[in-house]
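K.L.:
Provided herewith is a single structure, encoded as C-alpha cells, for subsequent inquiry.
The values are calculated or read from the model by the stated rules, or taken from the named source; none is laboratory data. Quick caveat: nothing in here was measured; it's all calculated off a predicted structure. Virtual Cβ from ideal backbone geometry, glycine too; neighbours counted across all protein chains shown.
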Amino acid sequence: MSVKFKAAVVQAAPVFMDLDASIDKAIKLIEKASQEGANIVAFSETWFPGYPWWIWLSPTAHNIQYFQRYHENSLVVGSDQFQRLSDAARENNIYLSVGASERDYGSLYIAQFLFSNTGELIQARRKLKPTHMERTVFGDGDGSDFGVFETEVGRIGQLCCWEHLQPLSKYAMFSMHEQVHIAAWPSFSTYPQAYSLGPQANLAASSVYAVEGQCFVLAPTAIVDQDMYDVLVDNDQKAALIKLGGGYAQIFGPDGQPLCERLPENEEGLLFAEIDLGEIAIAKSFIDPVGHYSRPDVLRLMINKAPQHRTEPMFNVEVESIGELSDDDTEPASVS
C-alpha cells in the first residue's frame, strides 16, 4: 500500500555531556519537527549526551578524566529523562528515533531507541560491535534487539554509523523487509586525512544502503560546536585532528537519491522530505536481494537473536539414590 508522510532528520549539536540540557534542546527540535508536519524525526548516534570524540584525540589513560562525567550523563532506560523523551513523542504525535550512550549499571552501550507517536517504546537496541576506539568506552550488543518493526509509517529499522559497512548486518535488516531505515551517524569532524571517516564515504554508505535495501534512509548527524570543541581541544596536536562542524544530515530515497538540500556543515536545523512508501515497489521490481534477486541455494545468512546473558540460573537437582548396576542391567536401578 502507498503510505505517504513527512520525515525529518536532525543536524545539531547536543549540550555536550549534559543530559538534562540535551533533552531540553531535543524537545524543542521535536516540537519544531511536529509543527512542520513531520510524522517521524531522527537524532544522531549518541546525541545524548554527545559522541565521546576524545577517544580519537588522546591515549586512553589521558581520557580517564572524561569518563565519570560521561557515565553520569548517559541515558538510563526507565529514568525520568527517558520518560521525558517518551512524553515528547506522545505530546507531539510523532515517531521518535534517538541515539544515546545508554548506561546499564557499570557499563555503557551505543544505543538507539524508537518511540511511537503515542510514546510507546518500540525498540531499544545496542550497536553490535563498537568501532575501533569506541571499544574503550562501550560494550557490545547482541542479536536479541536486532529487528525491523511494523508501524503506521512503515516497517522501521535502525543501525549506527559503521554498522552500515557490515554486509551481514545489512543483509539481515533487508531480510526483514525494511521500508524506513534510521542510519544514525555522529558528526564527520575528525581525522581530515582519513577519507573513510569523512562525509563523502559515509554519505555514500547511506545512499548505497538505500539502493541495496530499496528503502528510505533517514541519516541524521550531529555537529561539533564551539562549546564541545573547547572541552576536547587543549593543544595543537588535538586541533589538527578535529574541527568545528561536520554536519552532513540527509534523507535518501529507495533509489539512493538524496531528497533534501543539505545544510552547511556547521549550521543547526532540521531537514525534511516527503516519503511515499509506494515508490519502494518500483525499486523492488528491479532488485530485491531477499526475494526474486536472491539465490538461497547458494548463499544464506544465519541470524542468532538469542539474548546473550552474562549469568544463567542454576537449578538444584537432588539425587536420592542410584542403585548398583548388575551384569544384566543397562541402566541404574532407580533414579529420582
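K.L.:
Given (1) in contact (Cβ under 8 Å) with a residue 12 or more places away in the chain; (2) assigned to a loop (DSSP other than H, G, I, E, B); (3) aromatic (Phe, Trp, Tyr), where does residue 272 come up short, assuming only one miss?
P.N.:
With (1) in contact (Cβ under 8 Å) with a residue 12 or more places away in the chain; (2) assigned to a loop (DSSP other than H, G, I, E, B); (3) aromatic (Phe, Trp, Tyr) applied to residue 272, the lone miss is (2).
K.L.:
Give region 225-256 a look and list any residue that's touching a helix residue (DSSP H, G or I) at 6+ places or on another chain (Cβ under 9 Å) and of a type in the set (Asp, Glu), or say none.
P.N.:
255
K.L.:
OK, next. Considering only region 167-186, I want to know if a residue exists there that is assigned to a helix (DSSP H, G or I), among the basic types (Lys, Arg) and within 17 Å of the chain's Cα centre (by Cα).
P.N.:
yes
K.L.:
Still on this structure, I have one more. Of the residues that sit in region 118-159 and are in a loop (DSSP other than H, G, I, E, B), in contact (Cβ under 8 Å) with a residue 40 or more places away in the chain and β-branched (Val, Ile, Thr), which one is farthest from residue 273 (Cα to Cα)?
P.N.:
Result: 137.
K.L.:
May I pose another question? Enumerate the pairs (first residue in region 190-218 and touching a residue at least 12 places away in the same chain (Cβ under 8 Å) and in a helix (DSSP H, G or I); second residue anywhere and surrounded by 15 or more Cβ atoms within 10 Å (Cβ to Cβ) and among the small types (Gly, Ala, Ser)) with beta-carbon separation below 7 Å, excluding pairs fewer than 6 apart on the same chain, so at least 6 apart or on different chains.
P.N.:
So the pair list comes out as 206/183; 206/219; 207/256; 208/256; 209/183; 210/253; 210/256; 211/256.
K.L.:
Are there any pairs with C-beta distances below 6 angstrom linking a residue in region 283-305 that is closer than 14 Å to residue 211 by Cβ to a residue that is assigned to a loop (DSSP other than H, G, I, E, B) and hydroxyl-bearing (Ser, Thr, Tyr), with the two at least 6 apart or on different chains, and if so which?
P.N.:
287/293
K.L.:
For the subset of region 2-16 comprising residues that are surrounded by 22 or more Cβ atoms within 10 Å (Cβ to Cβ) and among the hydrophobic types (A, V, I, L, M, F, W, C), which member is farthest from residue 100 (Cα to Cα)?
P.N.:
7
K.L.:
Within region 59-99, track down each residue that is within 28 Å of residue 235 (Cα to Cα), of a type outside the set (Ser, Thr, Tyr) and outside any helix (DSSP H, G or I).
P.N.:
59, 73
K.L.:
Tell me, please, whether a residue that is out of contact with any strand residue (DSSP E or B) (no Cβ under 8 Å at 6 or more places or on another chain), within 19 Å of residue 182 (Cα to Cα), part of a loop (DSSP other than H, G, I, E, B) and not aliphatic (A, V, I, L, M) can be found in region 110-117.
P.N.:
No, every residue in region 110-117 fails to be out of contact with any strand residue (DSSP E or B) (no Cβ under 8 Å at 6 or more places or on another chain), within 19 Å of residue 182 (Cα to Cα), part of a loop (DSSP other than H, G, I, E, B) and not aliphatic (A, V, I, L, M).
K.L.:
Still on this structure, I have one more. State all residues of region 245-267 that are in a loop (DSSP other than H, G, I, E, B) and either touching a Lys or Arg at 6+ places or on another chain (Cβ under 6 Å) or surrounded by 17 or more Cβ atoms within 10 Å (Cβ to Cβ) (or both); if no residue qualifies, say none.
P.N.:
246, 247, 248, 249, 253, 254, 256, 259, 260, 263, 265, 266
K.L.:
Something else now. Return yes when residue 138 is more than 25 Å from residue 27 (Cβ to Cβ), crowded, with 20+ Cβ neighbours inside 10 Å, modelled with pLDDT under 95 and within 14 Å of the chain's Cα centre (by Cα) and no when it is not.
P.N.:
When the stated conditions are applied, residue 138 does not pass them.
K.L.:
Are there any pairs, at least 6 apart or on different chains, whose C-beta atoms fall under 6 Å, with the first in region 25-54 and at positive phi and among the aliphatic types (A, V, I, L, M) and the second modelled with pLDDT under 95 and part of a helix (DSSP H, G or I), and if so, which?
P.N.:
Going by the 6 Å Cβ cut-off, there are no qualifying pairs.
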